[in-house]
Each structure stands twice: as C-alpha cells, then as structure tokens.
1. For residues that are over 11 Å from the mean Cα position of the chain (by Cα) and open to solvent by 90 Å² or more (accessible area, probe 1.4 Å), scanning just region 50-65, find the one that is modelled with the lowest pLDDT.
2. How many of the residues in region 37-49 are open to solvent by 70 Å² or more (accessible area, probe 1.4 Å) and more than 19 Å from ALA60 (Cβ to Cβ)?
3. Restricting attention to region 14-36, does a residue exist that is surrounded by 11 or more Cβ atoms within 10 Å (Cβ to Cβ), among the polar types (S, T, N, Q), in contact (Cβ under 8 Å) with a residue 12 or more places away in the chain and in a helix (DSSP H, G or I)?
Amino acid sequence: GVGTFLGSYCLSDVARNVVHTLRTTVFNHMLHLPGRYFDENSPGHLITRVPYHVEQLTGAATQALTIS
C-alpha cells in the first residue's frame, strides 16, 4: 500500500514539474512572437495552447513512463 502511494505520488510530482516547465516555456516563447501572429490567430486558439495542449503532452508522457 505504501509503495503504491509513494510511486503514484512521485509520478504525479514529476508530471506537475513537466507541466510547469512546458507552460513556462510556451508562455515565454509566445512573449517573443510578433504582433502580426496574434492578429492572424483567434484569441481562443492562442489561449488553449498554454493549458490544454501542455496538459495533453503531459498525459502522453506520463502514460509512456507508466507503460515503459
């Protein structure tokens, strides 16, 4: 029981760190994009890049680590 708890806790901690790193990287990249990029893309599409797409990548990475 304790091993299962510690294993899932550590995996969750790693996943949260990956999410934080990816979100920070994507946001910093978006800060350096030209204004024209924001004019050509819808605000909803731009906003979903940070939380939703990063969460999808993290889910895939977590599943890959769990299966390996």
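The values are calculated or read from the model by the stated rules, or taken from the named source; none is laboratory data. Model, not experiment: these values are computed from the prediction. Cβ: placed from backbone, ideal geometry, glycine included. Neighbour counts: every protein chain shown. Ligands, DNA and RNA are excluded from the accessible area calculation, which covers all protein heavy atoms including side chains. Shrake-Rupley method; radii C 1.70, N 1.55, O 1.52, S 1.80 Å.
1. Checking each candidate, the answer is LEU65.
2. Going through region 37-49 one residue at a time, the tally reaches 6.
3. From region 14-36, those surrounded by 11 or more Cβ atoms within 10 Å (Cβ to Cβ) are 14-27, 30, 33; that's our starting set.
The next check asks that each one be among the polar types (S, T, N, Q); those that pass are 17, 21, 24-25.
So of that shortlist, the ones also in contact (Cβ under 8 Å) with a residue 12 or more places away in the chain come out as none.
Within region 14-36, not a single residue is surrounded by 11 or more Cβ atoms within 10 Å (Cβ to Cβ), among the polar types (S, T, N, Q), in contact (Cβ under 8 Å) with a residue 12 or more places away in the chain and in a helix (DSSP H, G or I).
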